[in-house]
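Chemist: After the C-alpha cells below, expect a handful of questions from me.
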Amino acid sequence: MSDQLTFTLENRDRIQAVESSFGPTGKPLFQPGRVLIGEGRLLKQSRRGPQPKAFFLFNDMLVYGSIILHGRWHKNQKIISLEDIELEDMEDGLTMSNQWLIRTPKKSFYVAAASPAEKRAWMEHIEECRSQLLQSASRRRSSTFAVTWIPDSASAICMRCSGKFSFTHRRHHCRHCGFVVCNSCSKERVVLEHIDCTKPLRVCKLCYTGLMKKENRRRGGSDGKSGSDEEDADGSALCRRCLFLSVSRSKEVLHGES
C-alpha cells in the first residue's frame, strides 16, 4: 500500500513537471489513471530536415514538443492518442539512422533514436501501451492515416509541373499525397475528414481530380465502369510512379543538367 502511494505521488509529480515545462500554452496532462511511462529526445523529420524534439510516452498518449532553453522548457505541444497510432519499422535513411514511421490520422512523420537499442525500446513500449489501451478500453484502432510529407530538400522542382522552385516560386505540400508542389499546381482545397473535418486543405491537381471522381461515384454519378490503377480515386499508384521521375528530374536541375 505504501509503495503504491509512493508511486502515485511520484507519477503525479513527474506528469506535472512535464505539464509545467510547456508553460501556459500547453494543455493539462494530469488525470487519474494516467501514467508517464518514459521520456527522451528523438529526431523528427520535418519539411526542412531532422529536428530534435522532446517526446513523452504515457499509457494512453504520446506527447512531443520543441526543445528550448537547454531542454528545461518546451513549446509547440502536440498530443496523439495511442489508439490513433500505427508504427512501421524503417531502414536507415540518408539523413537519419535508427528511424521508424509514426502514422496518425492527422499527421504522419519519421522519428529516429540515438541507437538501435533505444529505437527498439521506444517502439516496443509504444506498441505495448497501445495494445493494453485498446484491450482495456474496447477502443477501435484508426484505419485511415495521413501521408508523410516529402521533405523540401528532396526536390528542387515541382513534382507536378517540373517548374524550378525559387524565392518567388515557393514550395508547398499536397495534404493528400505529400508531394512537394508549387502554388499553381495546388490551388484546389478539399476537406480531408481524417485530418480536419471542417477545414479545406491544399491538394494538388491530380489528387483533386481523383477525389472529385471518388465523390461523384459516392453520390451515384459513376457510370459503373472500373478504372485502371492510374484512375483509382486516391491516385496513389500513379503518385508513387511520378515520384521517381520527379526526384530524378530534381537531381538534374541541382546538377545543372538539361
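Chemist: Could you list, in sequence order, the residues of region 210-231 that are open to solvent by less than 70 Å² (accessible area, probe 1.4 Å) and either modelled with pLDDT of 85 or more or on the phi < 0 side of the Ramachandran plot (or both)?
Modeler: The answer is G210, L211, M212, E215, G221, S222, G227, S228.
Chemist: For a quick check of your reading of the model, give me the residue pairs whose first member lies in region 19-41 and is in contact (Cβ under 8 Å) with a residue 60 or more places away in the chain, whose second is in a helix (DSSP H, G or I) and surrounded by 13 or more Cβ atoms within 10 Å (Cβ to Cβ), with beta-carbon atoms closer than 7 Å and at least 6 apart or on different chains.
Modeler: As it stands, the answer is I37/H125; I37/C129; G38/H125, since those pairs meet every condition given.
Chemist: Is region 162-173 home to any residue that is under 30 Å from I37 (Cα atoms) and surrounded by fewer than 19 Cβ atoms within 10 Å (Cβ to Cβ)?
Modeler: Residues of region 162-173 under 30 Å from I37 (Cα atoms): none.
Checked against the condition, which is being under 30 Å from I37 (Cα atoms) and surrounded by fewer than 19 Cβ atoms within 10 Å (Cβ to Cβ), region 162-173 yields no hits at all.
Chemist: Going by what's in this entry, would A112 be described as among the small types (G, A, S) and under 22 Å from N59 (Cβ atoms)? Give the steps one after another, and end with the answer.
Modeler: Numbers: among the small types (G, A, S): yes; under 22 Å from N59 (Cβ atoms): no.
No, not satisfied.
Chemist: Continuing with the same structure: Pick from S153, S136, S131: which is surrounded by fewer than 20 Cβ atoms within 10 Å (Cβ to Cβ) and either in a loop (DSSP other than H, G, I, E, B) or over 21 Å from the mean Cα position of the chain (by Cα) (or both)?
Modeler: S136
Chemist: Based on this model, can you work out whether F22 counts as in contact with a strand residue (DSSP E or B) (Cβ under 9 Å, 6 or more places away or on another chain) and closer than 24 Å to H194 by Cα? Let's see the steps before the verdict.
Modeler: Numbers: in contact with a strand residue (DSSP E or B) (Cβ under 9 Å, 6 or more places away or on another chain): yes; closer than 24 Å to H194 by Cα: no.
For F22, the condition - in contact with a strand residue (DSSP E or B) (Cβ under 9 Å, 6 or more places away or on another chain) and closer than 24 Å to H194 by Cα - is not met.
Chemist: Is there any pair linking a residue in region 188-207 that is in contact (Cβ under 8 Å) with a residue 40 or more places away in the chain and among the aliphatic types (A, V, I, L, M) to one that is surrounded by fewer than 18 Cβ atoms within 10 Å (Cβ to Cβ) and in a loop (DSSP other than H, G, I, E, B), with Cβ under 6 Å and at least six apart or on different chains, and which?
Modeler: From residues that are in contact (Cβ under 8 Å) with a residue 40 or more places away in the chain and among the aliphatic types (A, V, I, L, M), the pairs are I195/K106.
Chemist: Looking at (1) within 19 Å of S131 (Cα to Cα); (2) surrounded by 15 or more Cβ atoms within 10 Å (Cβ to Cβ); (3) acidic (D, E); (4) more than 14 Å from the chain's Cα centre (by Cα), which is the one condition that is false for D89?
Modeler: Only one criterion in (1) within 19 Å of S131 (Cα to Cα); (2) surrounded by 15 or more Cβ atoms within 10 Å (Cβ to Cβ); (3) acidic (D, E); (4) more than 14 Å from the chain's Cα centre (by Cα) is unmet by D89, namely (2).
The values are calculated or read from the model by the stated rules, or taken from the named source; none is laboratory data. What you see is a predicted model; the values in this text were computed from it and never measured. Cβ atoms come from the backbone with ideal geometry, glycine included; neighbour counts cover every protein chain shown. With ligands, DNA and RNA removed, areas are computed over all heavy atoms of the protein, side chains included. Shrake-Rupley method; radii C 1.70, N 1.55, O 1.52, S 1.80 Å.
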